[in-house]
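J.: One structure, pasted below without further comment.
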Amino acid sequence: MSSLTLNDMAQKAIFNPPRENKRVVFNEEILLWKGTSLQTKKPPRSAIIGRAKNISNGGVCLVTKTKLEINQFLRMTFKLKSVPINIPTLVEVRWVEKVSDSYFRVGARFIY
């Protein structure tokens, strides 16, 4: 039996509302870089390397060594095992959490 009180459950529902989209495990390398144009064919050499942890219709959770800024717009590409091409998208950083001295967990919302 849960030790949560009714007040605890109400606060959890208010501050942690249910997600709109189901998340699925997606453990793939991704590339991120500044810019909002989807016309660029290749990522620049300065692209940030990250690793996706899960993905949904609404966005992606990833881990990277680079601290990203909340509300920052970034280009992102990733591959699906069943598709032999990079899939380009545009994301907005919604939250950043430091998980160790070297890594940050990032929540990004798909814009395009």
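The values are calculated or read from the model by the stated rules, or taken from the named source; none is laboratory data. Because the structure is a prediction, the values reported are computed rather than measured. Counting neighbours? That spans all protein chains shown, and the Cβs are built from the backbone with ideal geometry, glycine included. Quick note on the areas: whole protein, heavy atoms, side chains included, nothing else; ligands and nucleic acids left out. Shrake-Rupley method; radii C 1.70, N 1.55, O 1.52, S 1.80 Å.
J.: Is it the case that L74 is surrounded by 18 or more Cβ atoms within 10 Å (Cβ to Cβ), assigned to a loop (DSSP other than H, G, I, E, B) and of a type outside the set (S, T, Y)?
T.: no
J.: Limited to region 41-52, what total is found for residues that are in a strand (DSSP E or B) and open to solvent by less than 90 Å² (accessible area, probe 1.4 Å)?
T.: Counting residues in region 41-52 that are in a strand (DSSP E or B) and open to solvent by less than 90 Å² (accessible area, probe 1.4 Å) gives 3.
J.: Hey, does region 78-97 have a residue that's touching a residue at least 12 places away in the same chain (Cβ under 8 Å), open to solvent by 40 Å² or more (accessible area, probe 1.4 Å), of a type outside the set (S, T, N, Q) and over 25 Å from K22 (Cβ atoms)?
T.: Checking region 78-97: not a single residue is touching a residue at least 12 places away in the same chain (Cβ under 8 Å), open to solvent by 40 Å² or more (accessible area, probe 1.4 Å), of a type outside the set (S, T, N, Q) and over 25 Å from K22 (Cβ atoms).
J.: Okay, moving on. Does K53 qualify as being over 23 Å from E20 (Cβ atoms), out of contact with any Asp or Glu (no Cβ under 7 Å at 6 or more places or on another chain) and either basic (K, R) or modelled with pLDDT of 95 or more (or both)?
T.: no
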